[in-house]
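The block underneath contains the structure these notes are about, expressed in structure tokens.
Every number in this text was worked out from the coordinates using simple rules, so none of it is lab data. Since the model is a prediction, treat every value here as computed from it, not as a measurement. Glycine gets a Cβ as well: all are built from the backbone with ideal geometry, and neighbour counts include every protein chain shown.
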């Protein structure tokens, strides 16, 4: 499949929010809120505009990835790292390598920009294909001091995190105000919410610790 990757522009915002809603609908829970999340992330000071990319196929937006800065906190020090998400691909274009192209392209750019590492919460089975490793290998925990299987780390150059351990802290930018979300959701076409097998897998991964 021939794809074109380019930075997201303001004129793309609504289309990307609609794409994100389609991509995540009923995946992790009945409905989704990732489209509201990306709407908010663009306005955050931690948002990294240079790593906000869309994928186009025949001039149609079929995928998107966004990044924000986060922290590893330990030994009275803070180290800036990256985290990405949502990463979205239209359902009819999924499993065709689009997400992988967005990830690989932005990983390369992240390293060129001088960042040390990317930390995410995601499906280990999928992200290990790109070189992500369990956070336990780096002695990096979540805020509860645990090593969730879903917390994954990618060093952007060899030994980038040498001597850096502690707590991965995304801050509050991924928190959702339910009242604001409900108002935002009124601007979209109503869709049916239901339980899926992917939701069961998400719960299983979220509750697994290494």
_Ignoring everything except DSSP H segments at least 4 long, calculate the 222 nm mean residue ellipticity for the chain; use -39,500 (n - 2.57) per segment, divide by total residues, nearest 500._
-8000 deg cm²/dmol
*Any idea how far apart residue 162 and residue 5 come out in nm if each label point goes 7 Å out from Cα toward Cβ?*
2.8 nm
*Can you tell me which of 51-57, 95-101 comes out highest on packing, and rank the rest after it, using the mean Cβ neighbours within 10 Å?*
51-57, 95-101
*How far, in degrees from 0 to 90, does helix 98-112 lean away from the longest principal axis of the Cα atoms of the chain, to the nearest 10?*
40 degrees
*Multiply the residue gap between residue 113 and residue 146 by 0.36 nm, knock off their C-alpha separation, and tell me the result in nm, one decimal place.*
8.9 nm
*With a cut-off of 18 Å, note down the residues of the stretch 89-106 whose backbone N falls inside the zone around a label point 7 Å from the Cα of residue 196 toward its beta carbon.*
89-100
*Taking only Cα atoms, what is the 0 to 90° angle, nearest 10, from helix 197-206's long axis to the longest principal axis of the chain?*
20 degrees
*the chain - Kirkwood radius from inverse mean 1/r over Cα pairs (Å)*: 17.8 Å
*asked:* Can you divide the C-alpha Rg of the stretch 44-107 by 2.2 N^0.38 Å and report the result to two decimal places?
replied: 1.34
*In percent, how large is the relative contact order of the stretch 17-67, given Cα pairs closer than 8 Å and 6 or more residues apart?*
29 percent
_the stretch 149-185 versus the stretch 20-38: alpha-carbon centroid distance in Å_ = 18 Å
*Got the relative contact order for the chain handy, in percent, Cα pairs under 8 Å and 6 or more residues apart?*
23 percent
